[in-house]
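Each remark here refers to the structure printed beneath this line.
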Amino acid sequence: SPATDVTGMKRKLEDQVEAEDAMVISRHLPSLPLPSCGMKHDIISSGSPQPCLGFQTWLASITERINQTMHYQFPGNPDPLVFTAPESFFECLRDRISLNGKKKRLPNNVVTFVRRDALPVGTFSKFTWNITTLTHVQQIFDTPQVPLLVEKVFVANKDGTYSPAPSNPETDSIDKFSKLPGKLKIKAHEMKTFLRVGSSNLEPGGKSTFDIEWIPDILPTVNMGELRIR
């Protein structure tokens, strides 16, 4: 009937208008970031921040970890610090080990080993640099953001724990001493930890070395290795 034909045409026109409106809306919508799982290239909208970790910030994080190991509450021989690092970052670190010289310093020791008891398994090479002076260690790990600490002072808490002593250059000379009525000033007891590298009065016959170990190709696809500091 004519009424049915008019109704059918009206529905077709409405569907066509909705389809055209949807096309217009889709053209004006911004492209959203796609998930990067399993993708070789990430699509990121122009307004999104793109985090980037630089070498100096990465090195400052290593230095901060070294500073944290010098704690009076824990043993003086901490476990090795282990990091996963890009090959390019280690090459920059190796320049600092070589004091930015034209020739890169060769490792003191190279060992090839087979790892079976931990992942990843396989045959790897370990390169070790022995740093024998505290000044050299400072030249390697001192950063503007986090300076390398060679000594830390702690105070005892009532619960038996220890906390870093607050540092105030204006009052340090006063706080180190206490005065009792009718008595001379008495120097407060200081609990210190320090980074020991080289010869020491505690061990006259031997030297302590600061060891930097590098195992390349721990993650071969992304060209990253394992950095150990002991």
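FYI, it's all coordinate maths here, none of it is from the lab. Quick caveat, the model's predicted, so the values are computed rather than measured. Cβ coordinates were reconstructed from backbone atoms using ideal geometry, including for glycine residues, and neighbour counts include every protein chain displayed.
Descriptive notes on the structure:
- Residues whose placed amide H lies under 5 Å from that of N108, excluding near-sequence neighbours: T128, W129, N130
- Highest mean packing first, where packing is the average number of other Cβ atoms within 10 Å per residue, the peptides 156-166, 59-69 line up as 59-69, 156-166.
- Amide H contacts under 5 Å for S98: R105, restricted to partners 5 or more places along the chain or on a different chain, H placed in the peptide plane at 1.01 Å from N.
- The residues neighbouring N67, those whose beta-carbon lies less than 15 Å from its own, together hold a net charge of +1 under the Lys/Arg +1, Asp/Glu -1 convention.
- Each residue of segment 54-123 gets 153 Å³ once the volume of the Cα convex hull is shared out per residue.
- Neighbour net charge for T193 - beta-carbon separation under 10 angstrom, K R +1, D E -1: +2
- Cα centroid separation - segment 85-123 against segment 129-146, whole Å: 17 Å
- Sorted peptide list for 190-196, 76-82, 50-56, criterion being average Cβ within 10 angstrom, highest first: 190-196, 76-82, 50-56
- Sequence-distant residues sharing a close amide H with D211 (under 5 Å, placed H): I131, R230
- Using the Cβ of S98 as centre and a radius below 11 Å, the other residues enclosed give a net charge of +4, where K and R count +1 and D and E count -1.
- Karplus-derived 3J(HN,Hα), 6.51/-1.76/1.60, for each residue of segment 124-132, Hz, glycine and proline x: 10, 10, 10, 10, 10, 10, 9, 9, 10
- Nitroxide proxy distance, nm - points 7 Å out along Cα→Cβ at A118 and C92: 2.6 nm
- Across segment 156-165, coupling constants 3J(HN,Hα) worked out from phi with the 6.51/-1.76/1.60 Karplus curve, θ = phi - 60°, read 7, 9, 5, 8, x, 8, 10, 10, x, 5 Hz, and Gly and Pro carry x.
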